[in-house]
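What follows is calculated from the coordinates using simple rules that are stated; it is not laboratory data. Nothing here was measured: the structure is a model prediction, and the numbers come from that model. So basically every Cβ, Gly included, is an ideal-geometry build from the backbone, and we count neighbours across all protein chains shown.
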Amino acid sequence: MSHRSLRLAVVAPPFFEVPPAAYGGIEAMLALLVDGLVERGHDVTLIGAGRQKTKGDFVATYDQPCSDQLGDPLVELTHAARADRILRALDVELVHDHSTAGPALAGRRRTPVVVTVHGPVGGAWGDYLGATEDAVSLVAISRAQIRLAPRLRWAGVVHNALETAQIPFREHKEDFLLWLGRMSPDKAPHVAIEAARRTGRHIVLAAKCTEASECAYFEGFVRPLLGDGVEWRAEVTREEKYALLGAAAALVFPIDWEEPFGMVMLEAMACGTPVLALARGAVPEVVADGTTGFVSRTFQELVDSVSRLAEIAPAACRAHVEARFGVDRMVGGYEAIFRRCLDADGGGRQRTSGLATARV
C-alpha cells in the first residue's frame, strides 16, 4: 500500500462551524480529523459553512452556519449543490462526505467518495443509503450500527475520537448526577430524572433545546419534573460542559434508541467521570462495563448502579479514552480506508462486498 500524501476534500454538514462553539458532535470530530490528516502530510480542503478554523484549506457554501435551520431539507440540498460545484473545480483524489444530501450526487463524479454514516441506518435512512451505495463507500462509527443494516456495503468501522489533552481531568467528584445532550425522548432525560430520584441524588440537566420538537418535549415531559433535586441549565458552553462533566459523580445516559455512538460518553470518561448507561446502540462498545461505568440491561439495574460508583477509578476512565479513542487511532483508520478506496480498481471507485474493520 502506498504511503504518499493524498489530495482530499472533506464535506461537513452546513449547520455548525468546524469546530463548533458548543453543540456539534460531528463538527468536533471533523476538526480533529482534518487537522490530523494535515499533520500526516495530506492536502485537505474542508467544505462547510462559516469560517476557516482548521489546519486545512477551506471553502464555504454558506457565509454563516445555518444553525437556526437545523435539518431543513432545502438548506441540505443547497449545501450539497454548492459543494458539488466546488468539488468539480478542485483537484482532489477522494471526497469524504459527512453531509446528508451529498451522497445523492456522488454518482456524478469519477472521484471516489467515502461517506461516514453518523445517524440512523434503518427504515427510510437505510433505503437512502442503499440507493447511494453503488456510488460511495460507507463507513460506520460503530459495529452496532452495522448490525442494524448488515446488507449495506460497509467499507469499514472507525470509532469517533477525542483529544484528551484539551479536556480537564478531575479526580475528586461532587455528589450530583449529570444528564447532558439534546432534548429528545430518544435521549430520555425524564428517565435520568426518575433514576436520580430513586437514589436520592441531585441531578443537573444541560441540553440543546432550540428546535420545535425539542421545546415541545421539554415543556410536556421535562419541565413538569424540575425542582425537588432536578436542576435545569439549558445549553452550556464548552468550558461549562467540561466543568459539569468533571464535577459530576456520574453521567447518566439512559438512551431509548440504537444510538450509533454517543460522544458525550467519551467526554465524561475523559474528565474521569463514570458513565451509567442502558445497553442500547454502541454503549457496550464505548463503556468498559465495571471499569469506566456500568452498562445496564434494565432501568432497575441502572438505578442500582448508582450505589456502585465508588468501584470506578477516575484515572481508569481517562486511560480508557486515551487507549481506545485517541485521535491518531481515528485518523489512521480513515487514512487506511481512503488508501484502500484509491487502490481498488487502479484508483477507481471501490466496490465492497464485505466488511473490513479499520483499526490502527
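Computed values, structure above
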{"quantity": "Equivalent ellipsoid, the stretch 158-225 (semi-axes from 5 times Cα gyration tensor eigenvalues, Å)", "calculated": "25, 19, 10"}
{"quantity": "The chain: angle of helix 314-324 to the longest principal axis, Cα-based, in degrees nearest 10", "calculated": "10 degrees"}
{"quantity": "Per principal axis, descending, Cα span of the stretch 72-204 in whole Å", "calculated": "59, 36, 30"}
{"quantity": "Charge tally in the Cβ shell below 12 Å around Ala249, where Lys, Arg are +1 and Asp, Glu are -1, Ala249 excluded", "calculated": "+2"}
{"quantity": "Only Lys, Arg (+1) and Asp, Glu (-1) charged, at Cβ; the chain dipole about Cα centre in debye", "calculated": "860 debye"}
{"quantity": "Per-residue HN-Hα couplings for the stretch 10-16 [Karplus 6.51, -1.76, 1.60; θ = phi - 60°; Hz; x = Gly/Pro]", "calculated": "10, 9, 8, x, x, 9, 9"}
{"quantity": "In order through the stretch 199-205: 3J(HN,Hα) via Karplus (6.51 cos²θ - 1.76 cosθ + 1.60), integer Hz, x for Gly, Pro", "calculated": "9, x, 8, 5, 10, 10, 10"}
{"quantity": "Calculated [θ] (222 nm, deg cm²/dmol) that DSSP helices of n ≥ 4 give over the chain, each run adding -39,500 (n - 2.57)", "calculated": "-10000 deg cm²/dmol"}
{"quantity": "Local net charge near Thr164, Cβ-Cβ under 11 Å (Lys/Arg +1, Asp/Glu -1)", "calculated": "-2"}
{"quantity": "0 to 90° range, to nearest 10: angle between helix 25-39 axis and the chain longest Cα axis", "calculated": "50 degrees"}
{"quantity": "Rh by Kirkwood over Cα pairs, then Stokes-Einstein D for the stretch 165-324 at 0.692 mPa s and 37 °C, µm²/s", "calculated": "214 µm²/s"}
{"quantity": "Rounded tilt (10° steps) of 123-132 against the dominant C-alpha axis of the chain", "calculated": "20 degrees"}
{"quantity": "For the stretch 56-72, Karplus couplings with θ = phi - 60° (6.51, -1.76, 1.60), whole Hz, Gly/Pro x", "calculated": "x, 5, 9, 10, 9, 8, 9, 5, 10, x, 8, 4, 6, 10, 3, x, 5"}
{"quantity": "Listed residues Phe16, Gly36, Ala135: farthest to the positive end of the dipole of the chain (Cβ charges)", "calculated": "Ala135"}
{"quantity": "Under-5 Å amide H pairs with Asn160, H placed in peptide plane, nonlocal only", "calculated": "none"}
{"quantity": "Neighbourhood net charge (15 Å Cβ-Cβ; Lys/Arg +1, Asp/Glu -1) for Ala282", "calculated": "-2"}
{"quantity": "Cut-off under 5 Å, modelled amide H: who pairs with Ala250 long-range", "calculated": "Leu178"}
{"quantity": "Full-stretch length increase - Arg197, Ser213 - with 0.36 nm per residue and alpha-carbon distance subtracted", "calculated": "3.2 nm"}
{"quantity": "Among Val158, Val303, Val139: highest mean-square fluctuation, GNM of the chain, C-alpha pairs under 10 Å", "calculated": "Val303"}
{"quantity": "Shape of the stretch 265-312, Cα gyration tensor, a/c cut at 1.5", "calculated": "oblate"}
{"quantity": "Per-q log10 I(q)/I(0), the stretch 1-84, q = 0.22 Å⁻¹ (Debye; single scatterer per alpha-carbon; no solvent)", "calculated": "-0.98"}
{"quantity": "Shape category assigned to the stretch 193-281 from the gyration tensor of Cα positions, a/c cut at 1.5", "calculated": "rounded"}
